[in-house]
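Written below as structure tokens is the structure these notes are about.
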């Protein structure tokens with residue numbers, strides 16, 4: 001019998017390359033992808049191995065739960081357009097304990113009725129209601145006038161042979177976007193290889209290969225440490 005029969009995942013979309021590697025390493029493994037947050041637990045769920053037919057999707061809304069996408073003015077967007085993901089249903093919590101202002105911002109009540117969770121995540125729905133995760137609000141930035149998802153850039157970089165890990169430091173003030181990678185391939189080679197995977201305008205102008213990505217105490221990429229590394233590189237170049 002296989003050591004692992006079924007793998008489930010929720011949160012940010014799992015890269016298709018990672019899924020392929022898992023299936024290759026564990027014959028017979030089945031995968032069920034989901035989307036959810038602490039404030040509502042699960043919101044959408046895919047059929048088992050449904051990602052093979054719809055790569056990149058996190059599934060459809062749970063029964064009794066409504067998932068839709070809104071624009072900057074709060075208007076609902078049609079299928080195919082990227083906007084903020086909103087969840088409404090019995091699984092959405094009422095708000096944050098003793099945080100009325102944050103609750104009002106994150107859980108607005110339409111017509112004074114049920115709270116809608118403004119997730120801060122961005123994505124789109126297809127014509128059949130399947131959700132495609134695009135990135136966190138903090139991961140979305142403008143590059144040369146175009147909207148870019150750091151998650152998409154990181155996924156493209158990780159797909160390059162010779163790259164193990166990748167992280168994007170989004171632009172701030174006058175600092176442009178930077179790509180950090182670990183692996184055997186030189187930084188210039190990573191950027192060149194990415195040109196066959198995503199549009200040219202999405203590829204950061206600067207890439208730095210490091211021995212390991214700095215992590216916070218809870219195991220997430222330490223963006224402040226990445227910013228410090230950029231300052232060191234820029235300072236060294238200026239001297």
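General remarks:
- Considering only region 6-137, percent of DSSP beta bridges that pair antiparallel, nearest 5: 85
- Computed helical MRE - 222 nm, the chain, DSSP H runs ≥ 4 contributing -39500 (n - 2.57), nearest 500: -6000 deg cm²/dmol
- Taking every DSSP bridge with both residues inside region 144-238, close to 65 percent are antiparallel.
- Taking other C-beta atoms within 10 angstrom as a stand-in for reagent exposure, 105, 165, 72 fall in the order 72, 105, 165, fewest first.
- Beta bridges per DSSP with both ends in region 88-206, % antiparallel, nearest 5: 95
- Acute angle (nearest 10 degrees) that the helix 223-238 long axis makes with the longest principal axis of the chain, alpha-carbon atoms: 30
- Label selected from [x] 11.5; [y] 16.2; [z] 12.2, the criterion being mean projected area of the Cα convex hull in nm² as computed here: [y]
- Degrees between helix 16-25 axis and first principal axis of the chain (Cα, 0 to 90, nearest 10): 90
- Neighbour-count ranking [beta-carbon atoms within 10 angstrom, fewest first] of 62, 125: 62, 125
Each reported figure results from applying straightforward, stated rules to the coordinates on display, with no laboratory input. In this text, all values refer to a predicted model and were calculated from it rather than measured experimentally. Glycine gets a Cβ as well: all are built from the backbone with ideal geometry, and neighbour counts include every protein chain shown.
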